[in-house]
Amino acid sequence: MQKYSDMSRAQSSVKIPDSVDFSFHIKPIISDRCFACHGPDKNAVEGGLSLNTAEDAYMALGEEKDRYAIVPGDLEKSELVKRIFSEDPNVMMPPPESNLSLSDYEKELLKKWIAQGAEYKKHWAFIAPVSPKVPKMENDGWGQNEIDKFILEKLASKGFAPSKKATKEQLIRRVFFSITGLPPSVEQINAFLKDDAPNAYEKIVDSLLNTMDYAEHMAADWMDVARYADTHGYQDDFERIMWPWRDWVIHAFNKNMPYDDFVTYQLAGDMLPNTTKESILATGFNRNHKITAEGGVIPEEYRIEYVEDRTNTFSTAFLGMTMECARCHDHKYDPLSQKNHFELFGFFNNVDEDGLMPNAQVIPKPYMTLTAKDTEDILNFVNMTNSPTPKVEVMVMQDMDKPRETFVLNRGVYDQPTERVFPNTPEAILPFPEDLPKNRLGLAKWLFNKDNPLTARVAVNRIWQKMFGKGLVESSYDFGNQGALPSHPELLDYLAVKFRQEGWDLKEITKFMVMSATYQQSTEVSEELLEKDPENTYLARASRLRLGAEVIRDQALKISGLLHKEVGGPSVKPYQPDGIWEETTGGGGGSTSTYVQSSGKDLYRKSLYTFWKRTVPPPSMMTFDASSRDLCSVKRQETNTPLQALVLLNDPQIIEAARALANKAVKMTQQNTDDQIAYIFQNATSRKPSQEELGILNTFYNTTLDKIQTGEILPDEYLAIGEFADNAALPSNQLTALCLTAHTILNLDETISRG
């Protein structure tokens, strides 16, 4: 005992600031690394220590009743302190076999916490946000709005300074991609460069927020959250019609529907006092889950899976909580019991639906029928430009008159009901108010209750993630004890309260973010900053971000002039490798057994409208980390693989775009190769090439021309890729060389990045 007791008293070189906020740092440590203790009994002395609750941590250990995990204010009597400083493998915490460890800082943090009373507070994310006092920074000539004051305060505490402002070329490219998912045209770049007005940048921001491109770009992200697809999934993966719901999402973003209404419509539009076809259509959000048609399954088992999907989607999308972890047992880290899980499940368990879809022709109930006029009326004028479609049937929500009974399921298994439960919300987040109806509409009202600690935080964090590359809480899918701590907690709360108080206005909060000096910084980074803050956690610079899967394709279409900006309507089928649908078909036949490529303008529509088959998602987009849409996804993985380079080199869409861009360059410039290459480069990167870059590209052009003349490259084969017909007044050899030069430029890292 003496050996490790003395160690706990020893002076440490690690200093914990007096101002440290224990509520942010203690809970993740004791949940993550100190729960793994010795033996089977968590509360026996030999069995280790349980620290997840104050009740466990303060209780006597073992039969002697003279040892305690934690004695607030008394380091000598606290078993925890002795164990974390021990070098004895029989008693040390965490034990060696757990492969977990505590840093010196974490040990000293726990020690100081106990010395100061070991107060257990609610997890930070479960405490309702209160707008903090905005920092006042002396000699702050840098900041543009309140965001910058919070950022500057944190930078100063770390000994950092903000970076210089990005160039106008960088800035217009960045904000175009952030807001619309498309690059600026050369004409738009040049106009911005010439505009010396103080509000020149703000004018660009305002104009972009009022475009259909903004609405479509926001909708593209929402497709991941809502796990939207054009097929049912599972083995046969039959086609479904849900695109009218997708078009409603575009419509909602276009008219800047407040976020609380946007979510309420989708959760409970069928329950609103003044229900409309639009509000009912919006509830298709809850029916975007997979549905099986596989013979031999147990329908009730799959019906339970559909309800689970709706429950977990709600939790991930709107609460940032991993509710699925409480299906089989109480959550291991968060205060979510299995009973909480199935009480929330109860809100989504009253749909009169079948677990099995008998064949491809059956529309899973409940559904609504929309005529062409209905679609036009609901979406008026989003300015839909597609041709009228015949009537369609779309899955929606409708509760049964008599609620279905809900039970806690033993181990989460469909046929092992135990205790009956009723719709309710986790009390650790916010108890469900007695005056609200215990249905989905009541749940939506609970979600937007001013005391709900998660809704606004989760929403603004995802918008921040979209604008800056990662959220203030990096684990945007998990605000629980296992999730990341906010890098700027006060700023997160300031934004959350602002968002709620200003009417849940998505365009306004987006503008607020991109108008900040923080957003407008250069991406240049010093060696010191790269060493001390490699992940750019403290935002002393702008992060250079690779474009998303859809955006890479859409950019190529836009700059080449191929993009067909038709809005809405049935999904289309652009180029993809031959045979992959046929190789994976489940044998049930139907429209998804064979891929029938679209033609004409439908080949060149935005990636938002690409047909999404769940078992075989668009392969080029999947290579660039698109979500599979099997489940709700609020943050995509980020990979860097050789396959991505191969897509850019070989995808017919990219090659065709390079051809079209080269033809466009010939038309827009004189018969001068330098001018043509410079035009292509500026379209692709939003800046003019340097003389050195132009020289390298010219050398490539001439080398390529030599290979064409010697027969190494065959113009007829290359110029035949894609449906685009060449129209430039240029010999085929020179045109091919220019096309391949354009193709090279489309492969540049700078081209597929947002600076």
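Per residue, the solvent-accessible area of region 599-755 (1.4 Å probe, heavy atoms of protein chains only, all protein chains present) comes to 44 Å².
Per residue of the chain, what 222 nm ellipticity follows from adding -39500 (n - 2.57) for every DSSP H run with n ≥ 4, rounded to the nearest 500? One gets -12000 deg cm²/dmol as the mean residue ellipticity at 222 nm. Protein heavy-atom surface of the chain, 1.4 angstrom probe: 50% of the accessible area is carbon and sulfur, with nucleic acids and ligands not counted. Taking Cα extents along the principal axes in Å as calculated from this structure, the corresponding entry among (1) 150, 55, 53; (2) 95, 64, 49; (3) 81, 79, 54 is (2). How would you classify region 149-260 from its alpha-carbon gyration tensor, with a ≥ b ≥ c the square roots of the eigenvalues: rounded for a/c under 1.5, else prolate if a/b is greater than b/c, otherwise oblate? Prolate, because a/c is 1.5 or more and a/b exceeds b/c. Sort region 503-567 into rounded, prolate or oblate with this rule: let a ≥ b ≥ c be the square roots of the eigenvalues of the Cα gyration tensor; rounded if a/c is under 1.5, and if a/c is not under 1.5, prolate when a/b is larger than b/c, oblate otherwise. It comes out oblate by the Cα gyration axes.
With respect to the chain, whose longest principal axis is taken over its alpha-carbon atoms, helix 489-501 is tilted by about 70°.
Here's how it looks for Val421: its modeled amide H is under 5 Å from those of Thr406, Phe407, Val408, which are all 5 or more places away or on a different chain.
Loop-located trypsin sites (Lys or Arg not before Pro) in region 213-314 (DSSP state other than H, G, I, E, B) with a sparse environment of at most 14 neighbouring Cβ atoms within 10 Å: Lys255.
For the chain, the longest principal axis of the alpha carbon atoms and the long axis of helix 168-180 meet at an angle near 70°. Between Ser185 and Asn439, the simple label model (points 7 Å from Cα in the Cβ direction) yields a spacing of 5.0 nm.
Considering Cα pairs under 8 angstrom that are at least six residues apart, work out the relative contact order of region 174-262 and quote it in whole percent.
Computed over region 174-262, the figure is 28 percent.
Near Arg173: Cβ cut-off under 12 Å, other residues only, Lys/Arg at +1 and Asp/Glu at -1. The net charge is +3. Separation of region 443-468 and region 520-536, taken as the distance between their Cα centroids, equals 29 angstrom.
Converting phi to 3J(HN,Hα) with the Karplus coefficients 6.51, -1.76 and 1.60 and the offset θ = phi - 60°, region 324-335 yields 4, 6, 10, 6, 8, 6, 4, 4, 6, 10, 9, x Hz in sequence order, with x at every glycine or proline.
A simple spin-label model places the labels of Phe381 and Glu582 4.7 nm from each other, with each point 7 Å out along Cα-to-Cβ. If you sort the three axes of the alpha carbon gyration tensor as a ≥ b ≥ c, you get a/c of 1.5 or more for region 528-647 and a/b above b/c, which makes it prolate.
In Å², what does the accessible area per residue of region 175-307 work out to with a 1.4 Å probe?
Working: 4080 Å² over 133 residues.
Spelled out: the 1.4 Å probe surface of region 175-307, per residue, equals 31 Å².
The tail of the calculated P(r) for region 573-630 beyond 17 Å holds 39 percent of all Cα-Cα pairs. Mean sequence separation of contacting Cα pairs (under 8 Å, at least six apart), scaled by the length of the chain, corresponds to a relative contact order of 15 percent. Among beta bridges identified by DSSP and lying wholly in the chain, the antiparallel ones come to about 85 percent.
Based on Cα contacts under 8 Å between residues 6+ apart, region 194-309 shows a relative contact order of 27 percent. On the beta carbon distance between Asn90 and Asp56, with R0 = 25 Å, the FRET formula returns roughly 0.70. Report the net charge of residues surrounding Glu524, where surrounding means a beta-carbon distance below 12 angstrom and charges are Lys +1, Arg +1, Asp -1, Glu -1. Surrounding charge for Glu524 is +3.
Angle between the Cα long axis of helix 549-560 and the longest principal axis of the chain, 0 to 90 degrees, nearest 10? The answer is roughly 20 degrees.
The values are calculated or read from the model by the stated rules, or taken from the named source; none is laboratory data. Keep in mind that this is a model prediction, so the values were computed, not measured. FYI the Cβ positions are ideal-geometry reconstructions off the backbone, even for glycines, and counts take in every protein chain you see. Ligands, DNA and RNA are excluded from the accessible area calculation, which covers all protein heavy atoms including side chains. Shrake-Rupley method; radii C 1.70, N 1.55, O 1.52, S 1.80 Å.
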